[in-house]
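Enquirer: The structure is given below, and queries will be raised subsequently.
The values are calculated or read from the model by the stated rules, or taken from the named source; none is laboratory data. This structure is a prediction, so every number in the text was calculated from the model and none was measured. Methodologically, a virtual Cβ is constructed for each residue, glycine included, from the backbone with ideal geometry; neighbour enumeration extends over all protein chains shown.
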Amino acid sequence: MRLLMKRGHALACVTTAILSASTALAADFPSDPIEIAVHTSPGGGTDTTARMVALVTQEQLDSNVFVQNRKGGGGSVAMSYLSEQPADGYTVMAVTPTHLFTMMRGNAPLSIDDIQGVARATDDPIIVMVRGDSDYQTLDQLIEAGQQGTIKWGGTQIGGVDHIAAMSFANAADMTVSYVPFDSGAEFAAALSRGDIDAAGLNISETRDQIEAGEFRPLAVMADERMSALPDVPTLAENGMDVSFSTVRGYVVLKDTPQDRLKVLEDAMLSGLASDRYQEYLQGIGLDESSIADAEAWDQQLHRMYEAGEKTMTELGLMQ
Amino acid sequence: MEPILTGLGILTDPVAIAVILLGTVVGVLVGALPGLSSSMAVALLLPFTIYLDPIPAISMLAALYCAGTFGGSITAILINAPGAPPAAATAFDGFPMAQKGEAGRALGMAAVSSVIGGILSLVVMVLAAPALARIAHSFGPPEYFALAIFGLSMLASISGKSPVKNLIGGALGLLIATVGVDLTTGVERFTFGVPQLYEGISFIPILIGLFAVAELLSQADVVDRAMDRIALKAIKLPSRDDFKRVWKTILRSSGIGTFIGILPAEGSTMAAMIGYNEARRWSKHGDKFGTGEIEGIAGPEAANNAATGGSMVPTLALGIPGSATAAVILGGLQIHGIRPGSYLFENQPELLYSIFAAMLVANLVFLVFGLVGARLFSRISLIPRTFLWPTVFALCVVGAYGVNQSLVDVTIMLITGFIGFWLKRYGFGAAPIIMGVVLGSLVENSLAQSLIIFDQDASRFLERPIALGFFLLAFLSIFAKPISNGLKGLKRRRAVNGGHS
């Protein structure tokens with residue numbers, strides 16, 4: 001009995017010690033600069049958004065938050081860097097659908113279960129777009145044309161989110177699509193307005209002015225719900241197709257990162273994202289506050305996107 | 001007119017002038033150092049511009065970009081290490097001049113021709129930006145393919161070395177450009193499982209290897225002759241006669257640069273190459289190019305700075321960046337809530353004119369910087385080789401590493417350095433290799449894209465007038481000389497026959 005009590009006492013002491021240590025840790029975190037690893041070169045939406053997020057998050061913390069470009073391998077260079085860092089919350093990685101596709105192909109040292117979502121900064125659904133003077137007035141007309149002939153469809157690199165989205169849509173609608181890859185969204189937007197291609201999957205952030213001017217006509221949104229900016233444009237889901245793809249940009253840490261540190265990061269990011277400065281940025285690129293999601297929602301979305309993507313890629317024979 | 005005046009109003013704002021000056025000075029410095037690129041400098045400055053108004057902020061970045069393109073020529077001339085890709089062509093004749101003890105003349109010429117090229121292109125922009133934006137917009141994959149073919153048509157003649165060796169060098173460049181994931185098939189080529197090669201080999205390590213490291217290895221072969229450094233003519237600036245000799249070259253290159261610059265995608269590097277080649281073609285001393293001809297500096301420098309101004313047009317009007325730095329400036333626009341696109345010119349014309357005003361100031365500032373600096377920097381060429389080249393090597397390693405913070409790039413730099421040294425020994429020039437690397441992915445991707453657009457029917461290239469025009473230029477660039485020689489021969493024979501009858 002005495003022994004037990006002693007042991008109990010000792011246990012309590014240890015527990016208190018651990019607890020106080022961890023609260024001390026939480027209070028100390030972050031004491032060093034925090035890195036956001038980005039998988040692209042400077043410039044471009046992912047890098048620009050990350051720099052914006054670093055700026056607004058830094059204003060919430062005592063530490064610096066900086067962006068480091070770790071380019072290569074469809075995100076695998078950034079992912080292997082993250083996997084080599086301690087799970088201490090000081091290394092944050094920007095995640096886009098590209099990372100998930102790289103993981104699916106087995107080209108990454110990390111799996112979806114090794115990462116933990118912190119917050120999501122943008123959510124930009126892909127819109128089925130044709131030229132304003134196109135013969136395709138409705139989604140059905142486009143689908144019909146694609147069933148009888150071939151639709152030339154523009155997007156970014158093969159195996160990226162635009163390609164998977166286009167192929168999923170073609171598969172669901174039973175159309176034939178001839179996919180033309182370009183280096184950037186602005187390039188295939190220009191190709192669409194020249195008439196080099198028939199249709200493209202574009203984001204509102206790239207095309208808001210052209211839609212307003214009637215140069216482009218949105219036919220459908222690849223999302224579960226209609227977009228507030230385009231209330232009259234139906235979703236593919238409404239048309240009986242379970243095709244939902246979006247250019248999402250969010251941030252993750254390693255799964256083993258202590259909960260309290262994750263919480264500190266999440267709170268700082270979320271208050272940063274809610275700031276006027278970030279909201280203005282979002283509006284400037286044609287998005288709104290619905291882009292922002294907390295750790296739980298973003299982590300769930302990551303898993304859902306991963307599963308849906310894996311299914312599509314297997315069905316389309318894109319898995320290597 | 002009113003938007004022009006509103007735009008120029010930026011020149012009366014002391015804060016704007018101060019940040020433009022800051023951008024210019026930073027630009028020249030990072031442009032000159034091989035690993036510090038102006039795209040990185042712009043990315044680092046981006047968060048700070050948030051505290052400025054949009055117009056001074058973007059003006060600062062544009063001034064930095066402009067000055068960075070000029071800065072690259074300083075190290076290209078002095079140590080054969082182009083600080084940025086557009087300066088590669090400047091090294092062809094610039095470095096030989098520095099070795100002959102004419103560094104000051106070369107640097108001065110680079111500064112003056114850059115400024116003239118830059119200002120002329122800005123004048124064209126102010127007068128015709130919306131029209132030029134329409135031209136840029138009409139360039140699709142077929143037009144790019146034709147443009148790239150025109151570029152490749154110069155391969156055989158671009159350096160004074162033998163045409164066969166030039167073609168072999170060009171093929172090597174094209175081969176290097178195939179590394180990475182193919183855009184239209186998604187297949188990995190020559191990546192050997194190295195993820196850093198997935199997006200292709202970066203241009204900067206190749207440039208540093210081929211120029212600076214190869215030169216360093218050659219220099220290691222040469223005994224340092226202290227007597228080489230006798231003359232203080234190294235700090236002499238170009239003379240009036242020099243300018244008389246090059247003004248036509250400068251004008252021609254400014255035109256080339258302005259036009260090529262408005263086309264998105266590595267415009268200024270290609271403009272500099274074409275500017276160099278045309279300078280050579282029209283020069284009386286064309287055969288001496290590569291040994292230190294002053295037109296060989298004026299040609300690429302006027303062209304690349306003209307292209308820098310030009311590349312702001314597709315960046316602003318189409319949202320398609322004309323270069324890596326323009327891509328970051330594009331991000332800067334978005335941070336300030338400015339949406340690039342064809343509607344920008346209609347909705348916010350004053351922004352356009354402010355940017356041009358800022359670039360004008362940047363040009364004037366780096367003219368002063370360049371001319372005063374030329375006397376100072378040219379002394380670098382007086383440093384004994386035993387001290388200079390080890391320092392250059394350290395700079396090369398840092399530079400190659402700095403691009404992507406990757407040791408793979410350092411390895412690439414070392415390998416291309418040895419290859420470059422070896423090729424040089426056997427009489428191959430760097431120019432065709434660089435040309436091949438620059439054009440490789442453009443020619444391949446645009447052909448693949450065009451064929452999908454044309455339903456695999458190559459004859460439909462004939463439906464595109466701009467493409468046809470470039471094919472015609474390519475044809476002329478290859479066959480003009482044989483044809484004119486043939487005609488001359490015919491005339492001579494006729495004259496001889498006429499004399500007899």
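Enquirer: Residues of region B:404-439 being within 14 Å of chain A (Cβ to nearest Cβ), assigned to a helix (DSSP H, G or I) and either crowded, with 20+ Cβ neighbours inside 10 Å or touching a residue at least 24 places away in the same chain (Cβ under 8 Å) (or both), which ones?
Expert: B:Asn404, B:Val408, B:Asp409, B:Ile412
Enquirer: For region A:70-90, name all the residues that are within 19 Å of A:Val118 (Cα to Cα) and under 18 Å from the mean Cα position of the chain (by Cα).
Expert: Residues satisfying the conditions are A:Gly75, A:Ala78, A:Met79, A:Leu82.
Enquirer: Follow-up question, since we're still on this one. Please go through region A:253-265 and give me each residue that is under 18 Å from the mean Cα position of the chain (by Cα) and either more than 22 Å from A:Thr96 (Cα to Cα) or β-branched (Val, Ile, Thr) (or both), ordered by number.
Expert: A:Val253 - this is the single residue of region A:253-265 that is under 18 Å from the mean Cα position of the chain (by Cα) and either more than 22 Å from A:Thr96 (Cα to Cα) or β-branched (Val, Ile, Thr) (or both).
Enquirer: Another question about this same structure. Is it the case that region A:204-226 has a residue that's of a type in the set (Phe, Trp, Tyr) and within 14 Å of another protein chain (Cβ to nearest Cβ)?
Expert: Among the residues of region A:204-226, at least one is of a type in the set (Phe, Trp, Tyr) and within 14 Å of another protein chain (Cβ to nearest Cβ), which makes the answer yes.
Enquirer: Now, a different point. Take the residues in region B:173-203 that are modelled with pLDDT under 90 and touching a Pro at 6+ places or on another chain (Cβ under 7 Å), then tell me which one is nearest to B:Gly427 (Cα to Cα).
Expert: B:Phe203
Enquirer: Is it fair to say A:Gly317 is within 14 Å of another protein chain (Cβ to nearest Cβ) and outside any helix (DSSP H, G or I)?
Expert: The answer is yes for A:Gly317.
Enquirer: Which one is nearest to the chain's Cα centre (by Cα), of the residues in region B:76-115 that are over 15 Å from B:Phe289 (Cα atoms) and not in a helix (DSSP H, G or I)?
Expert: Taking the candidates together, the pick is B:Ala84.
Enquirer: Only residues in region B:177-203 that are on the phi > 0 side of the Ramachandran plot count as the first member; pair them with residues that are basic (Lys, Arg), Cβ under 8 angstrom, at least 6 apart or cross-chain, and list the lot.
Expert: B:Gly180/B:Arg189
Enquirer: Quick test for you: out of A:Ala297, A:Ala293, A:Ala268, pick the one residue that is surrounded by 15 or more Cβ atoms within 10 Å (Cβ to Cβ), aliphatic (A, V, I, L, M) and under 16 Å from the mean Cα position of the chain (by Cα).
Expert: A:Ala293
Enquirer: Looking for whichever is in contact (Cβ under 8 Å) with a residue 60 or more places away in the chain, of a type in the set (Gly, Ala, Ser) and more than 19 Å from B:Asn277 (Cα to Cα) here; the options are B:Ala87, B:Ala103, B:Ala91. Which one fits?
Expert: B:Ala103
Enquirer: For region B:381-403, which positions are not in a helix (DSSP H, G or I) and not β-branched (Val, Ile, Thr)?
Expert: Selection gives B:Pro384 alone.
Enquirer: Which pairs have Cβ atoms under 6 Å, sit 6 or more apart or on different chains, and link a residue in region B:472-495 that is under 27 Å from B:Phe145 (Cα atoms) to one that is part of a helix (DSSP H, G or I)?
Expert: Close Cβ pairs (under 6 Å, with a partner that is part of a helix (DSSP H, G or I)) amount to B:Leu473/B:Phe150; B:Ala474/B:Ile149; B:Ala474/B:Phe150.
Enquirer: Test B:Ile256 against the stated conditions and say whether it is touching a helix residue (DSSP H, G or I) at 6+ places or on another chain (Cβ under 7 Å) and within 18 Å of B:Leu132 (Cα to Cα).
Expert: Yes.
Enquirer: Considering each of B:Thr258, B:Thr291, B:Thr315 in turn, give the residue that is outside any loop (DSSP other than H, G, I, E, B) and away from chain A (no Cβ under 14 Å).
Expert: Checking each option against the conditions leaves just B:Thr258.
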